[in-house]
Amino acid sequence: MHADGTVTFTVWAPHATALDLFVGDERHAMSAQPHGWWSLRAPAGPGDRYGFSIDGGPVRPDPASRRQPDGVHESSAVVDVATLPWSADETHWRPVPLASAVIYELHIGTFSREGTFDGAIEHLADLADLGVTHVEVMPVAAFNGDRGWGYDGVAWYAVHEPYGGPEAFARFVDACHRHDLAVVLDVVYNHLGPSGNYLPEFGPYLTDRYDTPWGQALNLDGPGADQVRAFIIGNALHWLADFHVDALRLDAVHGLIDISSVHILGQLSDAVADLSSRVRRPLQLIAETDRQDPSTIRPREAGGLGVDAQWHDELHHALHVALTGESDGYYADFRGLPDVAACYERGFVFDGRYSQVRGRTVGAPLQHLSSHRLVACLQNHDQVGNRPFGDRLTTMVDAARLRTAAALLVTSPETPMLFMGEEYGETRPFRYFTSHPEPDLAQAVREGRRSEFAEFTGFGEQVPDPQDPATFEASKLDRPAAGDAGQVWRRCWADLLAVRRGEPALASGRRDLCEVLVADDEVFAAVRRHPAGDDVVVVANLGDQAARVALPAPARWAMRWCSDDTRYGGQGLQPAVSERGADTVAEVPPRSACILVEQA
């Protein structure tokens with residue numbers, strides 16, 4: 001955008017023989033440039049609608065559109081990102097290190113009654129008071145329809161208009177920073193949505209050489225791949241630089257099929273590190289991957305891909321099995337608390353272990369890499385929303401055992417993440433919802449959702465219709481309904497997070513300083529150590545009888561936190577620590593957990 005009221009428009013369309021720019025109704029012939037690029041400087045200003053016509057075809061949105069005010073099928077709008085609203089002190093913002101993070105995942109459309117960025121801003125102070133340090137936002141790139149999870153984005157550079165558009169997103173990020181909350185943005189580079197994807201008309205963005213669960217793969221290693229890779233990296237830098245986002249969560253990176261000498265994740269890591277040095281603030285990448293491959297989070301200088309952290313579903317799966325006893329699907333591979341122990345001591349459960357579900361050996365040892373690089377949870381959008389009815393643990397597990405599981409998450413060496421509403425015990429579901437305007441696509445989504453659960457007892461035809469607006473409305477948080485019980489849950493989480501923050505042994509991701517004392521079907525105990533702090537023991541009893549656990553000796557242990565405290569809705573039964581000869585023993589009430597700290 002230039003001071004004389006013109007804008008330089010560029011677009012990659014290597015197979016076009018002619019390319020026209022339309023600004024409003026005015027047509028301008030663009031000039032061909034090397035390597036398939038087209039360019040033109042034309043009169044335009046913020047808000048002006050524009051699009052491109054390839055070889056006389058229909059006008060299409062800009063592949064790198066910054067705004068789609070009328071939907072993803074219509075013309076793009078000019079946006080001057082230099083005019084986005086930022087506070088005067090925004091340039092001084094610095095997030096806490098990932099090693100000290102507490103992440104909170106939310107979906108803008110259901111986090112507030114308004115379903116907008118501005119609506120979400122009203123609740124940020126509560127998250128900061130809770131002890132949250134990072135807000136992870138599910139994808140906001142423009143997709144077709146008004147409501148959806150965001151993983152069907154097709155205009156990757158544009159902010160979804162029903163959420164408020166680019167200026168509202170900037171206000172949201174700015175407000176997060178004013179509350180000392182870093183922003184992690186979920187981005188999807190492994191596929192595009194089924195409606196509004198015009199990229200293949202412009203160039204070879206996709207390839208049929210590889211199959212993915214979402215259709216054609218992104219062209220990362222074939223002819224034209226250089227520009228496709230630049231498109232992805234440019235998008236990442238766009239969010240980090242133009243919108244001041246602090247980190248990106250990369251969706252399903254195992255779907256980024258790339259046999260290039262430099263994998264796209266390594267190239268992206270290098271580009272983000274370079275930007276970080278230029279803007280002088282930490283910028284990070286968090287990957288979602290189903291491969292227990294330590295090279296993903298191994299630093300570039302050590303031969304890895306350089307991603308800072310990854311979602312680690314294994315601790316979730318182990319805790320879920322321990323709480324519910326479920327064994328469908330991938331849960332069949334997990335053994336409950338013994339696998340929680342594996343997460344505490346080894347990081348990866350499948351670090352070269354045979355998987356019955358996959359029918360092969362999976363993973364490799366995490367070795368020296370810190371567990372703060374593993375982001376773990378009790379619930380997230382996938383583990384809740386991909387259940388047939390989107391039911392939360394609060395409707396499946398009694399409160400006493402759920403508090404016990406929360407203690408095991410927060411005291412683990414991994415970085416804890418909460419899912420929106422979890423902090424006050426939300427009971428409303430988080431369901432899979434869509435709003436595809438095309439009848440055929442809408443029906444295909446309905447049928448696909450039903451068939452996905454057809455073999456599960458009690459489901460099938462009863463699965464909520466993703467297209468029904470009521471499915472979306474049922475997924476919105478309802479804080480007032482939680483009442484006093486919500487405050488009790490909130491107090492429990494806030495105190496737990498304060499204990500983690502205050503004890504160096506718990507804030508460390510070092511597994512070499514973690515020793516599991518016992519891990520069977522019902523009882524778990526582990527000691528966490530720190531060279532400069534006190535030892536900490538966590539004991540969890542999921543059974544219906546009191547449990548005795550021998551504690552490390554010689555040492556004196558003081559109670560730091562107890563899940564059965566009446567302040568958290570418990571019965572007030574306190575664990576007892578006593579000396580029995582040369583042994584120190586903790587007797588822990590049923591369905592409870594405690595945290596003990598070594599006394600000098």
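Bear in mind these aren't lab numbers, they're just calculated from the coordinates by the rules spelled out. Given the structure is predicted, the values throughout are model-derived calculations rather than measurements. All Cβ positions, even for glycine, are placed from backbone atoms using ideal geometry, and neighbour counts span all protein chains on display.
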> Which cross-chain or sequence-distant (5 or more) residues have an amide H under 5 Å from the amide H of Leu206, H modelled 1.01 Å from N in plane?
Replying inline: Asn219
> In nm², what is the average projected area of the convex hull enclosing the Cα atoms of region 67-109?
Replying inline: 5.6 nm²
> Using the Kirkwood radius built from alpha carbon pairs, what does the Stokes-Einstein equation give as D for region 2-63 at 25 °C and 0.890 mPa s, in µm² per second?
Replying inline: 209 µm²/s
> Size of the dipole of region 219-309 about the Cα centre, Lys and Arg at +1 and Asp and Glu at -1 on the beta carbon, nothing else charged, in debye to 20?
Replying inline: 260 debye
> Taking +1 at the Cβ of each Lys and Arg and -1 at the Cβ of each Asp and Glu, which of Ala168, Pro85, Ser261 sits farthest along the dipole of the chain towards its positive end, judged by Cα position relative to the Cα centre?
Replying inline: Ser261
>> Once you order the gyration tensor axes a ≥ b ≥ c over the Cα atoms, which shape class does region 489-558 get: rounded for a/c under 1.5, otherwise prolate or oblate by comparing a/b with b/c?
In response: oblate
> In whole angstrom, and with the biggest value first, how far do the Cα coordinates of region 363-464 range along each principal axis?
Replying inline: 50, 35, 27
> How large is the Kirkwood hydrodynamic radius of region 106-174, in angstrom, based on all distinct alpha carbon pairs?
Replying inline: 12.3 Å
>> Limiting things to C-alpha atoms, what are the Rg and the maximum Cα-Cα separation (Dmax) for region 517-577, in angstroms?
In response: 12.6, 37
> Angle, helix 165-178 long axis vs. longest principal axis of the chain, Cα atoms, 0 to 90°, nearest 10?
Replying inline: 30 degrees
>> How big is region 469-596 along each principal axis, measuring the range of its Cα positions in Å and listing the largest first?
In response: 62, 33, 26
> What shape does region 1-132 have by the C-alpha gyration tensor, where a ≥ b ≥ c are the square roots of the eigenvalues, rounded means a/c under 1.5, and otherwise prolate means a/b greater than b/c and oblate the rest?
Replying inline: prolate
> Taking the Cα centre of the chain as origin and charging only Cβ (+1 Lys, Arg; -1 Asp, Glu), how large is the dipole, in debye to the nearest 20?
Replying inline: 1180 debye
> What number, in nm² with one decimal, is the all-direction average of the projected area of the convex hull of the alpha-carbon atoms of region 232-314?
Replying inline: 5.4 nm²
> Just the Cα atoms of the chain: what Rg and Dmax do they give in Å?
Replying inline: 25.3, 91
> Kirkwood-based Rg over Rh for region 93-236 (C-alpha set), two decimals?
Replying inline: 1.03
>> Which log10 I(q)/I(0) values does region 145-213 give at q = 0.21, 0.23, 0.27, 0.28 Å⁻¹ under the Debye formula, counting every alpha carbon as one identical point scatterer?
In response: -1.00, -1.11, -1.33, -1.37
>> Could you tell me which residue out of Ser327, Ala271, Val397 lies farthest along the dipole of region 258-400 toward its positive end? Charges go on the beta carbon: Lys and Arg +1, Asp and Glu -1, centred on the Cα centre.
In response: Ala271
>> I need the fraction of alpha carbon pairs in region 219-270 separated by more than 19 Å, rounded to a whole percent.
In response: 26 percent
